Amino acid sequence: MKGLRQIKPYVAGAQPQEKKMIKINTNENAFPPSPGVLQALAAFDGQSLRQYSSLENNILRDKLAENLGVKRNQLIVGNGSDDILALAFVSFFNSDDAVLFPDITYGFYKVWADLFRIPFEEVPLSDEFEIVTTDYKNRVNGGIVIANPNAPTGIFKDLSEVEAIVAANQDVVVIIDEAYIAFGGESALPLLEQYDNVFITRTFSKDAALAGLRVGYGIGSPKLISVINAVKNAYNPYSVDLIAEALATAAVEDIHYYERVNAEISETRDWFSAELRALGFEVLPSLTNFVLTKPAGIAAESLFEFLQSKQIYVRYFSDKGRLSNYLRMSIGTQAEMAKVIQVIGELFG
Ligand SMILES: *Cc1c(COP(=O)(O)O)cnc(C)c1O
């Protein structure tokens, strides 16, 4: 047959369904959604589902605007931040010049560039897995995508460095993916006051414990938002359903609950990192709800398999060059991570 598309898809982390497992392979939040979210779900009026969801999502956008200190017309919400990021690629990257992003970053960037036939170039991270600022200056490009903190390294790039990249590239859009910003980093939001080429994406999946709800959003200048809105409305205008908008709105209202649980996750992360280092493991400095670690005394793949045999699921990137020596472990509850340390300890005991 003629005309069939072949694409190498993004490979997502597995979703095993065992009862006693410790699932630390896809960076889901260790805690349940907030009490307010669960109440909003119980109180949801099923009769209302007869009608289409909102086109404008003004209830959620106004709540977010209030919370972030921006205007409604600086926000777009979508079906997860993957939806917003994919729309942003289509909306903002239409030149013949290559879009730049790190060689080690969120795997979906490359897949979207390929899917939408956008020229791209993967810029190598340093030996320390750092984004090198100068690599993104004085280079003709069609746009830039930076996850900050980066994934799967967990490393946060100082805001002044991010600003230097934005300032040096004011003729293109710089997307800053802040999926993990609630775990200790500093948001690029203040840059919006000075630069209209910044587009920040966020998600409810990780910091609001709502990966299954599928809500994410983008923040940018009114000009960028109107461009991406037109593309959204050319594709899937009702992408945020009624239940999702109601529950996400409740999550924003429960910000204090989330600040508390995410602070706890960050504490557990620092404790877990120190424990791994005490076993001789290399652990990259993380400001996310996961760590990237290079095991000592055992190959990454062997440890991955051993942990799986103990129903502990972590992420292993088998075909990713220097990443194949590392494992990514999401931060679960303190009790779960203590168990992981105990199980790893048994290997060496
Ligand atoms: C999880 C993740 C996303 C996607 O989040 P969803 O809102 O669940 O689609 C985007 N970027 C990065 C870096 C992520 O880790």
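Considering only segment 248-259, I want to know if a residue exists there that is within 14 Å of the ligand (Cβ to nearest atom) and farther than 14 Å from L87 by Cα. Step through it out loud before you land on a result.
Here is the first cut: in segment 248-259, the ones within 14 Å of the ligand (Cβ to nearest atom) are 248, 251.
Checking which are farther than 14 Å from L87 by Cα leaves us with 248, 251.
Within segment 248-259, one or more residues are within 14 Å of the ligand (Cβ to nearest atom) and farther than 14 Å from L87 by Cα.
Residues that are of a type in the set (F, W, Y), farther than 15 Å from V240 by Cβ and modelled with pLDDT of 95 or more number at least 2 in the following helices (runs of 4 or more DSSP H) confined to segment 11-128: 81-92, 108-115. Can you tell me which residue in segment 321-349 is least open to solvent (accessible area, probe 1.4 Å), limited to those that are in contact with a helix residue (DSSP H, G or I) (Cβ under 6 Å, 6 or more places away or on another chain) and assigned to a helix (DSSP H, G or I)? Among those residues, the one meeting the criterion is M337.
Of all the residues in segment 104-133, those that are open to solvent by 30 Å² or more (accessible area, probe 1.4 Å), within 15 Å of A147 (Cα to Cα) and in contact (Cβ under 8 Å) with a residue 24 or more places away in the chain number 3. The set of residues from segment 94-106 being among the hydroxyl-bearing types (S, T, Y) and away from the ligand (no atom under 16 Å from the Cβ) comprises just one member, S95. The set of residues in segment 64-81 that are surrounded by 21 or more Cβ atoms within 10 Å (Cβ to Cβ) and farther than 18 Å from S221 by Cβ comprises G80, S81. When each of A251, A211, A263 is tested for being crowded, with 21+ Cβ neighbours inside 10 Å and within 25 Å of G332 (Cα to Cα), the lone residue that passes is A251. Close Cβ contacts (under 9 Å, 6 or more residues apart or on different chains) running from residues in segment 317-339 that are at positive phi to residues that are modelled with pLDDT of 95 or more and open to solvent by 20 Å² or more (accessible area, probe 1.4 Å) comprise G321/D103.
How many residues does segment 281-320 hold that are surrounded by fewer than 14 Cβ atoms within 10 Å (Cβ to Cβ) and either part of a loop (DSSP other than H, G, I, E, B) or hydrophobic (A, V, I, L, M, F, W, C) (or both)?
5
Kindly check whether there is at least one residue in segment 2-10 that is open to solvent by less than 40 Å² (accessible area, probe 1.4 Å) and small (G, A, S). No. Of all residues in segment 23-30, at least one satisfies being under 30 Å from I344 (Cβ atoms), open to solvent by 50 Å² or more (accessible area, probe 1.4 Å), in the same structural domain as M329 (by TED's automatic domain parsing) and within 17 Å of the chain's Cα centre (by Cα). Pairs meeting the criteria (first residue in segment 25-53 and more than 11 Å from A251 (Cα to Cα), second residue in a loop (DSSP other than H, G, I, E, B) and basic (K, R), beta carbons under 8 Å, at least 6 apart or on different chains) are N27/K206; E28/K206; N29/K206. Checked against the criteria, S91 does not count as farther than 22 Å from I200 by Cβ, away from the ligand (no atom under 16 Å from the Cβ) and not charged (D, E, K, R).
The values are calculated or read from the model by the stated rules, or taken from the named source; none is laboratory data. Fair warning: this is a prediction, and the values are worked out from it, not measured in the lab. Ideal geometry is used to build each Cβ from the backbone, glycine not excepted, and the neighbour counts take in all protein chains shown. Ligands, DNA and RNA are excluded from the accessible area calculation, which covers all protein heavy atoms including side chains. Shrake-Rupley method; radii C 1.70, N 1.55, O 1.52, S 1.80 Å.
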